[in-house]
Amino acid sequence: MEELKNTAPILHVSHLKKSFDDVAVLKDISFDLNAGEVLSIIGPSGSGKSTLLRCLTQLETFEAGEVCIDGKDMVIPGVKTKNGVKYAPAKTLREIRLSTGLVFQNFNLFPHLTVLQNLTLAPIRVLEKNREEARDLARELLKRMGLENKEKAYPCELSGGQQQRVSIARALAMNPKILFFDEPTSALDPELTGEVLKIIKGLTELQMTMVIVTHEMAFARDVADKVLFMDGGVIVEQGTPEYVFGKSENDRLNAFLSRFA
Ligand code: ADP
Ligand code: MG
């Protein structure tokens with residue numbers, strides 16, 4: 001008998017548009033990502049990369065388009081309101097939000113909580129896990145991050161690289177279906193960048209679906225199944241790493257890449 005395969009993408013973005021005070025920042029963004037795949041997003045500063053991640057993780061609203069994450073529609077397809085799209089009911093939005101995680105450039109750890117508390121707070125409060133279960137998972141994740149002896153430390157006692165590894169562990173503790181990274185190494189000294197990139201690369205072995213905005217071009221190429229190049233609020237090119245970093249003849253893309261050569 002033929003096996004039925006679920007081939008629907010885990011992330012589907014279609015004609016997404018977003019503006020701030022009448023300034024269009026995302027102009028018509030469409031792409032798909034399959035479960036277990038890694039997408040790198042590259043592009044100059046101001047091109048809309050962070051805004052895109054913020055729309056997909058519900059930190060910003062958008063006015064047009066469709067977003068479907070893990071089979072759930074963020075906005076009701078085909079329904080328009082005077083503000084643009086009609087968002088799904090709160091319960092659906094919460095489910096979608098819980099299936100995504102975001103790792104920020106500046107770590108955003110809770111400064112007054114220990115590493116362990118940073119990792120267990122949301123699993124206990126939001127997922128209603130019991131304390132022991134949350135702590136066991138947190139310890140397992142800290143071990144994976146090479147931070148098993150840091151659980152009692154406060155964020156200010158850690159290096160930037162260690163803080164970023166804690167924030168990755170904190171995101172993983174919520175068991176997201178898709179993990180988004182917004183320039184995860186941009187705030188780090190060059191010697192600390194490698195340790196964080198190694199951890200992210202390691203997550204590909206767990207078949208973690210990831211969307212990574214980065215200026216580390218060698219990493220973006222190496223880690224990705226698919227690459228988007230954004231400029232001026234549009235996707236100028238998308239394709240395999242081999243295509244985007246080698247075979248594309250797009251002038252804007254090649255001008256951008258030449259800055260890193
Ligand atoms: P990137 O992450 O690619 O550098 P951003 O998404 O941060 O780009 O920004 C895209 C554009 O949107 C920029 O012109 C930026 O100034 C503008 N922008 C971002 N956030 C806001 C905001 N909250 N209010 C007004 N304009 C914003
Ligand atoms: Mg940004």
Any chance you could count how many residues in segment 101-140 are hydrophobic (A, V, I, L, M, F, W, C), in contact (Cβ under 8 Å) with a residue 40 or more places away in the chain and away from ligand 1 (no atom under 16 Å from the Cβ)? 9
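For the subset of segment 19-49 comprising residues that are modelled with pLDDT of 95 or more and acidic (Asp, Glu), which member is nearest to ligand 2 (Cβ to nearest atom)?
Here is the first cut: in segment 19-49, the ones modelled with pLDDT of 95 or more are 19-20, 23-49.
From what is left, the residues that are acidic (Asp, Glu) are 28, 32, 37.
Details: ASP28: 19, ASP32: 22, GLU37: 22 Å.
So, considering only residues that are modelled with pLDDT of 95 or more and acidic (Asp, Glu), the one nearest to ligand 2 (Cβ to nearest atom) is ASP28.
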Over segment 25-41, the set of residues more than 14 Å from the chain's Cα centre (by Cα) and buried (at least 21 other Cβ atoms within 10 Å of the Cβ) is LEU26, ILE29
In segment 42-75, which residues are over 15 Å from the mean Cα position of the chain (by Cα) and within 8 Å of ligand 1 (Cβ to nearest atom)? GLY43, PRO44, SER45, GLY46, SER47
Can you tell me how many residues in segment 162-200 are away from ligand 1 (no atom under 16 Å from the Cβ) and outside any helix (DSSP H, G or I)? 9
Please go through segment 212-261 and give me each residue that is within 16 Å of ligand 1 (Cβ to nearest atom), in a loop (DSSP other than H, G, I, E, B) and in contact (Cβ under 8 Å) with a residue 60 or more places away in the chain, ordered by number. THR214, HIS215, GLY232, GLY233
Is segment 107-126 home to any residue that is modelled with pLDDT under 95 and either within 24 Å of ASP182 (Cα to Cα) or aliphatic (A, V, I, L, M) (or both)? yes
Could you tell me which numbered condition ARG125 fails, if it satisfies all but one of (1) more than 13 Å from ALA173 (Cβ to Cβ); (2) surrounded by fewer than 16 Cβ atoms within 10 Å (Cβ to Cβ)? (1)
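The values are calculated or read from the model by the stated rules, or taken from the named source; none is laboratory data. Predicted model, so just to flag it, every value in this text is computed and none were measured. Positions of Cβ are backbone-derived with ideal geometry, glycine not excepted, and every protein chain shown enters the neighbour counts.
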